[in-house]
Every structure is written in structure tokens, then in C-alpha cells.
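Structure first, commentary second.
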Amino acid sequence: MNLLTFTSTKTFRHGIHPRDYKELTKDKPIERMPFSNEYVLPLSQHLGAPSVPVVKPGDKVFRGQLIAEPGGFVSVALHSPVTGKVKAIELHHHPSGKMVESIVIQTDPFSPQTLYHEHEIEWQDLTTQELLIMIQNGGFVGLGGAAFPTHVKLSVPEGKKAQFLIVNGVECEPYLTSDHRLMLENYENVFLGIRIAMRILDVEKAYLGIEMNKPDAIELMREKMPPDLNCEVVPLQVKYPQGAEKMLTEAVLNKEIPSGKLPIDIHVIVNNVGTIAGIGQLFRFGQPLIERIVTVTGPGIQRPANLMVPIGTRLEDVLEYCGGLKDNTRQILFGGPMMGSPQVFLDVPIMKGTSGILCLTDYEVKVREEYPCIRCLRCVDACPVYLNPSRLGALAKKRQYEAMLDYHILDCMECGSCSYVCPSNIPLVQRFRVAKALLREQMAKQKQTG
Amino acid sequence: MKSGELKLLLTSSPFLKQEEDTPYIMRQVIIALLPATLAALYFFGINAFLVILVSILGAMFTEWLFTRSKGVNTLHDGSAALTGLLLALVLPPGIPLWMAFLGGVVSIGIGKMIFGGLGSNIFNPALVGRAFLQAAFPVAMTTWSPVIPMNQFFHLYHTTLGIPFLKMPTAVTTATPLARMKFDAQLTAFHDLFLGSTAGSLGETSSLLILLGGIYMVLKKVINWRIPLAIFISMYVFAGILHWINPGHYAPPTFHLFAGGIMLGAIFMATDPVTSPVTQKGCWVFGIGIGFLVILIRTFGGLPEGVMYAILLMNAFTPLINRVTRERVYGTE
Ligand code: SF4
Ligand code: SF4
């Protein structure tokens, strides 16, 4: 083992060190979940315009067949995760808490569930534009959680130039291990994905950032890296929120993305390793985004696991497959504990951006007494973008939202580090979310009126 | 799946939380004060015990009185008890008990509650209490009873049980190292300063034990090490320059570092998070300011000791320091 694997000093400034709880699932190989009876595919699982259905109730569909087209440039296609029949297109519970138009597909129990049109795609001779369209039609969005359409992210705006591709294999959210297992088990997809993304971006060099709590992944990626692929595996110190674009770019390149700008403004494009592997899968087998790896974990689940789950699987089906919930489960999250979103309905579907299902019990969700801010500075030392959450929290409490602008509230990325460290249990980021939403609304109104 | 019975909570992220809360921090500070407190008991016997007890009672009683009407109980956050203990440790060992009680009352009542309670005060509450006593009872506050030998643990100073408004009984007194330096230009042996067998306030005689507590708090991350370090450096440099100019007239910098209340002040009072700056740069400025003022007062002021005023003065500047040392936001110039 290379000694360097364990001695990286690369990271960003500030941040926090929560316990990672990854031991629950990190050594569990990816299991393929058996097909369920029914799947629910919301037309809106990504940022941007919803997809537009091209099937109607009663239609027979194959696994991997297109069922909805992109609804614009910032939108992607949607495919059926199983061979079966379209049962309905109706409003259905969505992980966001809203009701969203969704395609419900009933599985054909007798189908062998082979892929609709399995084939390798010759990509070497395709143009950048053609590649991007294939990715959009493959339904790809950021699999790290934000679910931003991948082809948009890979399109370098006119007049700008990409220099580096940074692949995000950090997985800094505690509990989650889906990217970790993916790198260990599907590294060929990752490498092909990197190649294609580098072609699209026309960059010479790629970096793959992995935190040092995944030494096996660092070692394997280094060992298997094709010699002609100019991609450097960068071991990073373990720190939250290193998976944030700004923090990862700083950790790898030691450069700051200017406030209010995007990585491309300093010639960098960041992509999640899961998304990159998905692109590899698309070009190797012609498989669009119809399944993803989900870490099912937490003290509230009977049998923690890393599962390959068809997109659209209902939450309750996944929980049942993992042995069900323990009696004292109080909260179920989509995503990790720092930025995940709580679910209250068990029939919500797993979406493209669902990286984990975290089941927490009474103990973890206990209500903590709030004390006055003692200005201990822990939040200031934690904030990765150097805000002063103590001051912002005081202003938010007094509803002085305008004054918060002056303290750069809009730079807050809602990572939750401040809330995590606050000894007075002040719900800082929760308050900031409200303040930001109100301020955005206000600014939108101002734009309209004048 | 029996989804009907399951009661799922809808709160928002993050769902992980560091366990260390504010009462925990207060407890850590109290633990860090234990060595110095035990030393006070060792050097000053039952007198120390009574002063500490009464001062804490005064502080907690006042906290309870002020919060009672609001229907909340803030006693368990530990901050009132800590204030009482800190106050006791900066009082002279022979102080009449009723004054110690009154000091506790003033610390919490005027130092903290009228500002709005924990977190809203501008000045360090214990120092407010001490400043009040100093102004109201200058004699009692500068009556330094000598250290008593251990076998006389139950020896009470004549002054301890003094009654309000009666003439103070004459006390056996002795001069503190700083006073001896200031008025007689006489140095105290370094190891006496370090280990504590010198006259002074209850808790400020042994630099070693206070330092131990300080190291504990730094390791536990409950104080910002920048503040005491900045104070020490600035004192050392400033006193060093003076000493270099005229060694016969000005005390050597190490003397200043270990004499009087500076250890307790720098490590336990100046680091009070509520009343110190919220930026790292600001903490340096704050510490340097205190160190400078302490030497200034000790050397050129009318008093032998200036730690209390130095810290209170810099407390007053804290909001200003916060404003001018605002941290650069990520990705801006
Ligand atoms: S961490 Fe909490 S108590 Fe400490 S300064 Fe920040 S808001 Fe105040
Ligand atoms: S949630 Fe916002 S304010 Fe809090 S640490 Fe993260 S970026 Fe800073």
C-alpha cells in the first residue's frame, strides 16, 4: 500500500468532523434489489422543467424504454425501470412533500427484465453536441443529490474554457457509502465516464477526489487507472462538507471559486462519481439512468445494505426488503444526515438523486433545549464559506433579513455545519433557509416591479 | 408495512448534532477551576470555603430571582454558578462574607441580567461584581490576609464574619507581590509566584494550577487559546521593553506574567466567549489590548493591579472590534 494514501494534507479550510457511521455498510457489496410490483416515476426528479410523457395509460413498455422526453434544455428524459404496463399518469406523493405528476408502471411478472436495447455505443467519432444529447436523452442528472441535469453541467458556456474535470468521490455525508461501493465494484464505468466527460469538456487533465476514510477505493482506483487516462487520484482529509463543489475545488486545486460564481469561472467542472459511472454505463451497454445505488442505513433499519434500486421503487418496498424498521424509528431521510430531507409518506419513490435512505431512532432525533448564543465562535470556525452564523442567527431571530444580506447570507450553502457544532442548539441553518427563501422572493418581486 | 402506526417526524436537517452543549462547556470551565479552587482551600482554609460558597449562592439566588418571573429555569446551564465561583476566586481571602454575597448578587443582577441574561451581557459578570466591591469597599478589597498553614484549616480571619455597617475589625495583613513591587520596588521569588504561597486573591496565587486549568480548557476546546496567548505576548513585549530601558526601575517581564491576577484573568476572564470578540483576528486584537493595558496600569497607574480594568475596558471595545475585524467571506477579496 502506498504510504501517501494515508498522509494527505489536502483539504479545505474550516468545516467539521462528524463521526461518519460508514462502518454500518461500507463493507457490504452492492445487492440487486428484486423487482417490485409497481413503480412510480415523477416527471420532475431534477432541477429544471419537468419531463413530458410520451406514453399513455395502457401502453406496454420495456425496461429502459423512453417514457418521457426532456421538457426543455434544462430537463432530461425519463425511462421505464421495468418491462410492464403504464397503469396511470397521476398526482402522487413526491419526496419534496408535494404532489407531483407521475407515471405509474405495473411490472410484468413474467418478463425476464432484460434491457430494451442493449448495445455498446461507439462514441469516439461522435461530436460534443451529439454526446451531450445522448446524455440528456439518457436521463442523466447529478446523482449526488442536487439532481442538476448532467448535460447542462457538461456544457461549457460560450466564451468560457474548461481546464480541469474534478470527479467527486468524496461522499462526505456521514452514513452514505453508495459512491464508495460504486468505486470498488464498478470502476470500469467510472473510467469510461471520465474519458467521455474529458472529451466533451476538451480538458487534458482530470482529478478524482476521494477522502481517506476510503483507503481501499483510493488504492484500487490508482491500481486500475488506465495508463492513457490522465486522471489523478487525490486523497483528501476527511472533513465535512468536502463534497460541496467549492470545497472540493479548493481541496484539490487550492483555488477559491469567487462568491456568486460557478466552477467554470475558474475553468473547472465538478461532477459526481456516480453520475460519471452512469455515463460509462450508458456508453458501454446503452443503459439509460433507470437504476442507482442507494445506501439503506441508520440505527432504525433491521438490515443496512447498499442496494441497486430501480428508479421509482417505493420507499416502503425498499424498507421491507431490508427487513423493515425497528420499533423506535422516528425519522426517515432521503440523503445523508447533514443535508437530507425527511420523508413522511412511505409510498414516495426513490428518485434519481436519492443517494441514501437513513432511518433514525428516538435517540438521534431527541429534541434539544435551546440556550442563548454564548458567542463561542464554534460556528464561525465551522462555516466553510467564512460567514458569521452567530451574527446571522441573531439577525434572523430578530427578522432583520435585509441586514443579513450585508453579512452575505446568500453565500450560505445550507451545509448545516454551524448547527452541528452549536453548543446552544440554536437551529441556525434552519433559520437561514427561511431567511434565504424570503429574501429570494422579495428580490424576485423587486425585479418584476421595477 | 405497518405505516399507520409509525409516527415520522418532519423537522429539517441537519440531523446530526455534536453532543457538547452549553451546560457542558460551563461544566468544563468549572472543572478547569478546580485545581485553583483546591489551592485556595489549602492556602486559606475555611475562609476560602465560606467565601466561595457564599459568592456562588449570591449569584445563583439572583439568577433564580430574575428568571423566576419568566417561568424559565436557567440555573441548570451552570453559568451562574460559574460566575459565582470566578468572583470568589478574585476576592481577598479575608473579605466579610456578606460582601461576597453582595458581590455575587451584583455580578448576576447588574453584570448579566439587566443586559438580558446569558449571552447578552457586554462585561464579564464576575468582574463587574468585583469592580463594584472594589468601588464600594476599597479597604476590604485590598486587605490581603496572609496565607495560613494547613494545620489551621479552621482558623477564621477576624474579618470574615464582619457585619454590615460596623467598623471593620483590624486585620492582620500583608502586601501582595505586585504591591511590594510597586511601592517598595521589591521582587518576589519566582517559585513562590508559580506555586502560590504568596498573598493575593483566593484563586490567583498559584500560576501553575491556573495554567493547568487553562491547558485543560484548550484541549477541550472550550476557550480560544489566542486570547491568553495574545495577552501574554503583548505583556511580555511591553514589559520587556520597559525593563530593557530601565532594569532598575521596571520589573522583568516574567514577574509581570506570574504575579497578581493576570493568569486567572487571561485564562478564565478574558476568554469568556460572551464578552470577547467573535472573529479570530478580533481575539488577537482583544488580547493584545488587554496585555498592553495591564502593564500600563501596573506601571504608570495609581494601582498595583490592572487586570480587572484592562479586561473590562476591552470588553467595552468588543463590539467595535467585531465590526472592524469582520472575516473575509469565501471567494471575495
Ligand atoms: S456556535 Fe452557537 S453559541 Fe456558539 S457562537 Fe455560534 S451560534 Fe453562538
Ligand atoms: S449552513 Fe451556511 S452559515 Fe452554516 S456553516 Fe454552512 S454555509 Fe456556513
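The values are calculated or read from the model by the stated rules, or taken from the named source; none is laboratory data. Just so you know, these numbers come straight off a predicted model, no measurement behind them. Don't worry about glycine lacking a Cβ; one is built from the backbone with ideal geometry, like all the others, and counts go over all protein chains shown. Accessible surface areas use protein heavy atoms only, side chains included; no ligands, DNA or RNA. Shrake-Rupley method; radii C 1.70, N 1.55, O 1.52, S 1.80 Å.
Quick notes on this one:
- For A:I67, nonlocal amide neighbours, meaning residues 5 or more places apart or on other chains whose placed amide H falls under 5 Å from its own, are A:L78, A:H79, A:S80.
- For A:Y207, the residues 5 or more places off, or on other chains, whose built amide H falls under 5 Å of its own are A:L165, A:I166, A:V167, A:E232.
- Three-way shape label, the protein assembly as shown, alpha-carbon gyration tensor, a/c 1.5: prolate
- Accessible area per residue for segment A:1-124 is 54 Å², calculated with a 1.4 Å probe on protein heavy atoms, without ligands, DNA or RNA.
- Links that overshoot a 19 Å alpha carbon limit, given the list A:K26/B:K220; A:K60/A:K87; A:K28/A:K224; A:K246/A:K397; B:K112/B:K220; A:K28/B:K7: A:K26/B:K220; A:K28/A:K224; A:K246/A:K397; B:K112/B:K220; A:K28/B:K7
- Accessible surface, segment A:292-450, averaged per residue in Å² (probe 1.4 Å): 37
- Reduction of at least 30 Å² in accessible surface, 1.4 Å probe, comparing all protein chains with the chain by itself, residues of segment B:308-333: B:R326, B:E327, B:R328, B:V329, B:Y330, B:G331
- Amide hydrogen neighbours beyond the local backbone of A:H92, cut-off 5 Å, H modeled: A:V100, A:E101, A:S102
- Using the average count of surrounding beta-carbon atoms within 10 Å as a protection proxy, the listed peptides A:290-300, B:224-234 rank, highest first, as A:290-300, B:224-234.
- The protein assembly as shown, helix-only ellipticity at 222 nm - DSSP H runs n ≥ 4, -39,500 (n - 2.57), divided by all residues, nearest 500: -12000 deg cm²/dmol
- In terms of its C-alpha gyration tensor, segment A:158-253 has an oblate overall shape, because the principal axis ratio a/c (a ≥ b ≥ c, square roots of the eigenvalues) is not below 1.5 and a/b does not outweigh b/c.
- Placing +1 on the Cβ of every Lys and Arg and -1 on the Cβ of every Asp and Glu, with no other charges, gives the protein assembly as shown a dipole of roughly 2040 debye about its Cα centre.
- Expressed as a whole percent, the accessible area of the protein assembly as shown that falls on carbon and sulfur atoms is 61 (1.4 Å probe).
- Of B:F255, B:F123, the residue with the largest accessible area leads and the full order is B:F123, B:F255 (1.4 Å probe).
- Using a 1.4 Å probe over protein heavy atoms, the accessible area lost on pairing B with A, summed over both chains, comes to approximately 4800 Å².
- Shielding by partners - mean other protein chain Cβ count within 10 Å, residues of A:381-393: 3
- The residues of segment B:46-135 expose on average 33 square angstrom of accessible surface per residue, using a 1.4 Å probe on protein heavy atoms.
- Rounded if a/c under 1.5, otherwise prolate or oblate - chain A, Cα gyration tensor axes: rounded
- Over all other residues within a Cβ to Cβ distance under 13 Å of A:G145, the charged ones net out to -3, with Lys and Arg as +1 and Asp and Glu as -1.
- Average partner coverage of A:329-342, which counts Cβ from other chains inside 10 Å: 4
- ³J(HN,Hα) computed for each position of segment B:244-259 - Karplus, 6.51 cos²θ - 1.76 cosθ + 1.60, integer Hz, glycine/proline x: 5, 5, 8, x, x, 9, 9, 5, x, x, 5, 4, 4, 5, 9, 9
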